[in-house]
Amino acid sequence: MCDSKPKYFLAITIPFLTSSMVVYSLLYKAVFLSQILKVPASYVEATMSYSFYGGAVGGLALGYVADKFGNRLAMLVSAAIYSAASIVVPFIKSLLLLSFLWAIVGFGVNAENGITYAIVVKIFETSRGAFGGFLQGLYFIGMSIDSLLALFLKGVYVYFFTVSLTGAFSAVLFLILPESRLDKRKSSERLKKYSKSLVLGSLISFSAFFYTIVLVTFVPFFIKEYLVTFYSLTGFIGFIVFSYISDLFNRSMVSVFLQVLGIFFIVAMLTKVFELSYAFFGLYLASSFFSYVGIWVGEFFPESARATGINASLFVGRLIGGAGPLLVAYLGRNNLFSFYTGSLLVALILGLFSSLLIKKHIKA
């Protein structure tokens, strides 16, 4: 197993990176698409929410397929789905169709991510938090690559074609991964005695998704665009550092620290103790509790039900937490900044509450 870990590392990380590029690729051609669809660019960006709606359903469906028929099959299917959906984006003519397509993209990407966490929990026993954090940090790298591709590939057709095929071809690496242990029982039977784990996993999942998605989706509205690269680098480093720390210490208490840190920076932002450009560094750093959530939740369940358990717990985060961009864009259209900061604060407070409950009730 040890000799195989380097190739497993590549077989997990490269597809994870390319899938993150696919799901966030929409943001970097939002202005172009808004002109075609004749809607505000913020509405196009808010379409990101539908990827999490689709991901909520896809996670449950393909998580079941993974536990029933094997991880590799489920992950290959997921990659085929999101690659096929994203490649036709330049040809759509309405916001409704774009929303539907991005729900399909999310169906594949988010399901693949949940199954990946189950594989990491199984293979990387002593460093699973750090590796999980590294994987989540790849979302920041994926967004940075998307932004660079958008600069060099001016044509929207070439841009989406490149991103989509990159995701599809990298999925071949899944064939390297070991197959999972299968279980003939129904998902409900496997998870019945883990209801407490499902509830608490859902709460922390909601907090992590809602906070992080809202944070990264709308930050370009409030600061100069070139700073996003520096914030993304801060997030990536924070994901790696704090996920590693979570391996050394209690994950709940590391989460409590980060959530309190985030609350402090939001209050400092609102009271103008820090300028916005500085405060966002702290807010990106605070998002690091998202880095190991998938791994953390995976530790609540046995291997035979792990992919289903992870995706069931992430269901709430994806479904409700993923609604964050829509809520902020539409309900906060008259005062975007106030609704934005208020939403981040609520997510962090709920996360703090959830982390303390997990510390008390679950030994992972």
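Checking the stated criteria, V65 turns out not to satisfy the condition of being over 16 Å from the mean Cα position of the chain (by Cα) and not in a helix (DSSP H, G or I). Looking only at region 277-326, filter to residues that are of a type in the set (A, V, I, L, M) and free of Cβ contacts under 8 Å to residues at least 60 places away in the same chain; which one of those is nearest to V241 (Cα to Cα)? Among them, the one singled out is L285.
With the structure loaded, tell me whether A329 is in contact with a Phe, Trp or Tyr (Cβ under 6 Å, 6 or more places away or on another chain) and in contact (Cβ under 8 Å) with a residue 24 or more places away in the chain or whether it fails that test.
On the way: in contact with a Phe, Trp or Tyr (Cβ under 6 Å, 6 or more places away or on another chain): no; in contact (Cβ under 8 Å) with a residue 24 or more places away in the chain: yes.
No.
For region 69-80, residues that are open to solvent by less than 50 Å² (accessible area, probe 1.4 Å) and assigned to a helix (DSSP H, G or I) total 5.
For region 81-130: of the residues being of a type in the set (V, I, T) and open to solvent by 20 Å² or more (accessible area, probe 1.4 Å), which is farthest from V57 (Cα to Cα)? Here the residue is T126. Within region 332-364, the residues that satisfy the criterion of being under 16 Å from R251 (Cβ atoms), part of a helix (DSSP H, G or I) and touching a residue at least 40 places away in the same chain (Cβ under 8 Å) are G351, L352, F353, S354, S355, L356, L357, I358, K359, H361.
Only helices (runs of 4 or more DSSP H) whose full extent lies in region 219-327 are considered here, and the ones with at least 1 residues that are of a type in the set (A, V, I, L, M), touching a Ser or Thr at 6+ places or on another chain (Cβ under 9 Å) and surrounded by fewer than 24 Cβ atoms within 10 Å (Cβ to Cβ) are 227-248, 251-270, 276-286, 306-319. Listed by first and then second residue, the pairs linking a residue in region 53-76 that is among the aromatic types (F, W, Y) to a residue that is buried (at least 24 other Cβ atoms within 10 Å of the Cβ), with Cβ atoms under 7 Å apart and 6 or more places separating them unless they lie on different chains, are Y53/G106; Y53/G322; Y64/T308. Of the set (1) surrounded by fewer than 21 Cβ atoms within 10 Å (Cβ to Cβ); (2) closer than 14 Å to F160 by Cα, all apply to L26 but (1).
Screening the candidates A312, A268 for the property of being at pLDDT below 85, out of contact with any strand residue (DSSP E or B) (no Cβ under 6 Å at 6 or more places or on another chain) and not hydroxyl-bearing (S, T, Y) yields one hit, A312.
Within region 1-23, the set of residues being surrounded by fewer than 23 Cβ atoms within 10 Å (Cβ to Cβ) and farther than 17 Å from F174 by Cα comprises C2, D3. The set of residues in region 18-47 that are among the aliphatic types (A, V, I, L, M) and either in contact with a Phe, Trp or Tyr (Cβ under 6 Å, 6 or more places away or on another chain) or within 19 Å of A84 (Cβ to Cβ) (or both) comprises M21, V22, V23, L26, L33. Which of the residues spanning region 142-177 are surrounded by fewer than 19 Cβ atoms within 10 Å (Cβ to Cβ) and within 19 Å of G294 (Cβ to Cβ)? Selection gives nothing. The single condition among (1) at pLDDT below 90; (2) in a helix (DSSP H, G or I) that V105 does not meet is (1). In region 50-81, which residues are farther than 12 Å from A103 by Cα and among the β-branched types (V, I, T)? Result: V65, V77.
The values are calculated or read from the model by the stated rules, or taken from the named source; none is laboratory data. As the structure is a prediction and not an experimental result, all values here were calculated from the model. Reconstructed Cβ throughout: ideal geometry from the backbone, glycine too, with neighbour counts over all protein chains shown. Only protein heavy atoms, including side chains, enter the accessible area calculation; ligands, DNA and RNA are left aside. Shrake-Rupley method; radii C 1.70, N 1.55, O 1.52, S 1.80 Å.
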